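**Q** Here's a structure for you.
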Amino acid sequence: MRNLRLMLFLGIALSGICLAEESCPWMNAATAAGLLGGEVKFSITHSNENKDDANCAFTRGSSNLQVSVHTMSAPSRDFRKYMDACAGGSMPLKAIGNEAVTCPISSIGGGFGEQVIGRVRDRAFTIHISTMDHSMQSSLREEARKAAEQVAGNLF
């Protein structure tokens with residue numbers, strides 16, 4: 001009877017280890033929740049080309065935070081295509097990776113958005129934060145900057 005209890009206990013304990021959820025390598029759900037103002041849902045998609053590249057998406061109601069990291073084979077050439085997405089109204093961000101900029105995201109369907117594009121060595125990162133919540137509009141640029149600091153710090 002004692003061995004049966006022990007085996008049952010070990011089976012339950014080990015099943016929790018096997019069912020561990022995958023996490024974002026650059027930002028955890030608690031940090032994303034702080035940026036979006038409450039508990040978030042999380043999903044991750046890995047790149048087919050490089051297992052270290054991924055897109056992490058955090059959602060809270062109509063607010064979204066997406067973190068994407070991609071390895072570039074030729075950073076000085078490849079990074080330009082990322083920067084082109086922030087061509088209009090970009091503003092440099094100091095002390096965040098290499099060459100980070102922020103700019104508004106257009107065409108959100110009545111919502112608001114901000115993005116940060118930057119790199120750390122040979123890895124480009126993009127942060128997209130958007131919401132339909134008008135009360136968050138004024139803080140989006142700051143929240144995007146905070147997210148970029150977190151991601152760039154984890155890439156160093």
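**Q** Enumerate the lysines that Lys94 could reach by cross-link, defined here as Cα to Cα under 29 Å, with residues fewer than 8 away along the same chain left out.
**A** Lys81, Lys146
**Q** Sort out for me the Cα centre separation of the stretch 85-156 from the stretch 34-82, rounded to whole Å.
**A** Centre-to-centre distance over Cα atoms comes out at 11 Å.
**Q** Can you give the Kirkwood hydrodynamic radius of the stretch 41-137 from its Cα pairs, in Å with one decimal?
**A** 14.2 Å
**Q** Ordered by residue, what ³J(HN,Hα) values in Hz, to whole numbers, does the stretch 59-70 give under the Karplus form 6.51 cos²θ - 1.76 cosθ + 1.60, where θ = phi - 60° and Gly and Pro are x?
**A** 10, 9, x, 8, 9, 9, 10, 10, 10, 10, 10, 9
Here, each number is a calculation from the coordinates, and none is a lab measurement. Since we're looking at a predicted model, the values are computed, not measured.
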